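First the structure, in the form of structure tokens, and then the observations on it.
The values are calculated or read from the model by the stated rules, or taken from the named source; none is laboratory data. On a predicted model such as this, the values are computed, not experimentally measured, just so you know. All Cβ positions, glycine included, derive from the backbone under ideal geometry; neighbour counts span all protein chains shown.
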Amino acid sequence: MSFEIILPDHRVQRQSVDNYKEKKPSETENGGIQLTNIDSFLNAIKCNWVKRYLDNANTSKWKLFYQKILKKYGDSLLFECNISKYILHEIANENIFLSDALSAWCDVTHNLETQTSSKTILWNNKDITSNNKTFFYKDWFERSIKYVDQLYDYRIKDFYSFNDICYIYGIPSNNFLKYYTLIKSIPIHIKSEINTNNTPRTQTTFVENILGRTKQNK
């Protein structure tokens, strides 16, 4: 997994004494001094740390310390998610630097091309909450459940029944409440956009073909 970050080369200009009263930004030729935007500079440093953390070739021992903190959120998955401030505050209780790095990562990636709702990640998503808390089912994630549309049946334009989910992903039968709490927490605008998406992912199409054949054989 790799991420490409394009940091804008923001510059701020110090106003010269001559035009300060007019409140106009000074030009270089008029004596102004171009200075690096400090916020962008610091965010770049923090994001560079994130890239080192996500580098699978990096086997430094310091990664083990942060992996222990991030494990309950899906480790590197967290850097792909639409993170809530609640998670940042929770992480900050254990490590302020890590919270700052995640916050910087969110700021920088916020303006990148947005994904379609069918690619919306379920976990740690600030738009998918229950009692103001986001979701992360570690055992479900380990079964390759990651995106909203993996729970969605394009044939009937609604979410799969719990029985279908158990069959497809091998979810334990006692996870009934967990499943319905999750799908009921997915906001209407995400459901509506999925309904208008007529191009399900390859994995979803494959699953629906299996379900169709299974029901025909019964």
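Structural remarks
Table: residues versus (1) at pLDDT 90 or above; (2) surrounded by fewer than 19 Cβ atoms within 10 Å (Cβ to Cβ).
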residue	(1), (2)
Asp107	no, yes
Leu112	no, yes
Ser117	no, no
Cys166	yes, yes
Pro172	yes, yes
Pro187	yes, yes
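- The set of residues in the stretch 71-97 being in a loop (DSSP other than H, G, I, E, B) and not polar (S, T, N, Q) consists of Gly74, Cys81, Ile83, Glu94.
- Candidates Phe162, Phe97: the one that is more than 11 Å from the chain's Cα centre (by Cα), at pLDDT 85 or above and outside the structural domain of Leu54 (by TED's automatic domain parsing) is Phe162.
- Filter result for Lys68 (in a helix (DSSP H, G or I), of a type in the set (Lys, Arg) and either without any contact (Cβ under 8 Å) to a residue 40 or more places away in the chain or touching a strand residue (DSSP E or B) at 6+ places or on another chain (Cβ under 7 Å) (or both)): yes
- The residues in the stretch 85-94 that are buried (at least 19 other Cβ atoms within 10 Å of the Cβ) and within 13 Å of the chain's Cα centre (by Cα) can be counted, and the count is 1.
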